[in-house]
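The values are calculated or read from the model by the stated rules, or taken from the named source; none is laboratory data. Just so it is clear, the model here is predicted, and its values are computed rather than measured. Using ideal geometry, Cβ is built from the backbone for each residue, glycine included, and neighbour counts are taken over all protein chains shown. Keep in mind that these areas ignore ligands, DNA and RNA; they rest on the heavy atoms of the full protein, side chains included. Shrake-Rupley method; radii C 1.70, N 1.55, O 1.52, S 1.80 Å.
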Amino acid sequence: MIQITGVKKIYDLGRAKVHALDGVDLRIYENDYVAIMGPSGSGKSTLMNMLGCLDTPSEGQYYFGGEDVAKMDDDSLADIRNRRIGFVFQSFNLLPRATILRNVELPLVYAGLAKKERAERAQHALEQVGLGDRIEHRPNELSGGQRQRVAIARALVTEPSIILADEPTGNLDSKTGEEIMQLFEGLYEKGNTIILVTHEEYIAQHARRLVRLRDGLIESDTPVKR
Ligand code: ADP
Ligand code: ADP
C-alpha cells in the first residue's frame with residue numbers, strides 16, 4: 001500500500017547538511033499497525049511528514065497505492081492528504097472557538113460536502129469515539145483525552161484507510177493514553193492501517209510492528225511480541 005525506497009531528506013544549512021532521512025526503505029501493508037520509535041532528531045517527524053505527503057523526499061521513491069507520488073498532480077496529492085490519510089497530532093490542533101461538531105466537520109468542508117451530510121458524518125465520527133453527546137461543547141470544556149478523541153474523530157470523518165499519528169498520547173496521562181490506544185486498536189481491528197510515533201515503549205507494544213530509527217536510518221523493523 002505504501003512503499004518508500006532509498007528515501008533521503010537533506011536540509012542544506014549552508015555550511016552543514018542535515019540528513020534527516022539518510023536512505024530509508026519501508027513497506028507498509030494494508031491493515032498494518034506500525035509504531036515508530038527513535039531518539040529525538042532521528043527523523044521520525046520527517047518520515048511521518050513524508051508518508052503523509054506533507055513533505056517531499058530529496059532523493060528516493062515513494063509509491064502510494066502503486067502510484068509514484070512524485071508524478072502525482074496537486075489534485076491527487078490533495079486527495080491523499082484529505083481523504084485517504086487521517087492525521088492525529090500530539091497537540092490535538094483543534095480550533096478553540098469552534099464547537100466540537102464544527103471541528104470534526106472541517107475536513108468535509110474542504111472536501112466540498114453539503115452541510116447536512118457533513119453534520120451527519122461528523123456526528124457519527126464523534127459517536128465512534130464516545131463523544132456523541134458533546135457536539136455543542138468547545139475544546140476548552142473537554143479534558144485532554146476527550147480533545148484527543150475529537151482529533152481522532154476529525155481524522156476519521158473522511159473515512160481514510162490510513163491513520164498517521166504523531167505522539168498521539170504525548171500530552172496525556174498514562175490511563176488516558178491507554179484509552180486512546182484502545183480506540184486505535186478498534187480501528188485496527190476494523191481494517192485501518194495505523195502508523196504512530198511514540199517515545200513510550202508501552203505505547204509501542206500496542207502495535208504489531210516496531211520500527212526503530214536512528215540518525216535517519218531504520219535500525220530495526222520487528223514484529224511486536226504479544
Ligand atoms: P524526530 O522527529 O525524530 O525528533 P525530526 O524528523 O524532527 O526528528 O528531525 C530529524 C533531523 O532533521 C534533526 O536533526 C532536525 O534538526 C532536522 N530537521 C528537521 N526539520 C528541519 C528543517 N526544517 N530544517 C533543518 N533541519 C531540520
Ligand atoms: P510534535 O510532534 O513536534 O510535537 P505535532 O505532532 O503537532 O508536533 O506535528 C508534527 C508535524 O506535523 C509538524 O512538523 C507540524 O508542522 C506538522 N503539522 C501539525 N499540524 C498539522 C496540520 N494540521 N496539517 C499539516 N501539518 C501539520
Scanning region 1-38 for residues that are touching a residue at least 60 places away in the same chain (Cβ under 8 Å), within 14 Å of ligand 2 (Cβ to nearest atom) and either out of contact with any Lys or Arg (no Cβ under 8 Å at 6 or more places or on another chain) or open to solvent by 20 Å² or more (accessible area, probe 1.4 Å) (or both) gives K9
Of the listed residues (T193, T158), the one being more than 19 Å from L142 (Cα to Cα), within 14 Å of ligand 2 (Cβ to nearest atom) and of a type in the set (V, I, T) is T158
- prompt: Restricting attention to region 174-188, does a residue exist that is assigned to a loop (DSSP other than H, G, I, E, B) and open to solvent by 40 Å² or more (accessible area, probe 1.4 Å)?
  reply: no
Per the filter on region 117-134, residues open to solvent by 30 Å² or more (accessible area, probe 1.4 Å) and either touching a Ser or Thr at 6+ places or on another chain (Cβ under 9 Å) or part of a loop (DSSP other than H, G, I, E, B) (or both) are R121, G130, D133, R134
When region 45-73 is checked residue by residue, the ones that are more than 14 Å from A20 (Cβ to Cβ), open to solvent by 40 Å² or more (accessible area, probe 1.4 Å) and part of a helix (DSSP H, G or I) are A70, K71
Taking region 39-95 and the residues there that are of a type in the set (K, R) and in contact with an Asp or Glu (Cβ under 9 Å, 6 or more places away or on another chain), the one that is nearest to ligand 2 (Cβ to nearest atom) would be K44
- prompt: Condition test on I194, is it in contact with a strand residue (DSSP E or B) (Cβ under 7 Å, 6 or more places away or on another chain), open to solvent by less than 10 Å² (accessible area, probe 1.4 Å), in a strand (DSSP E or B) and more than 30 Å from K17 (Cβ to Cβ)?
  reply: yes
Checked region 74-116 for anything assigned to a helix (DSSP H, G or I), open to solvent by 80 Å² or more (accessible area, probe 1.4 Å) and over 25 Å from V197 (Cβ atoms); matches are D74, D75, R102, K115, K116
**Prompt:** Hey, does region 147-160 have a residue that's modelled with pLDDT of 95 or more and either on the phi > 0 side of the Ramachandran plot or open to solvent by 80 Å² or more (accessible area, probe 1.4 Å) (or both)?
**Reply:** no
When (1) in contact with an Asp or Glu (Cβ under 9 Å, 6 or more places away or on another chain); (2) of a type in the set (S, T, Y); (3) touching a residue at least 40 places away in the same chain (Cβ under 8 Å) are applied to T99, the one that fails is (3)
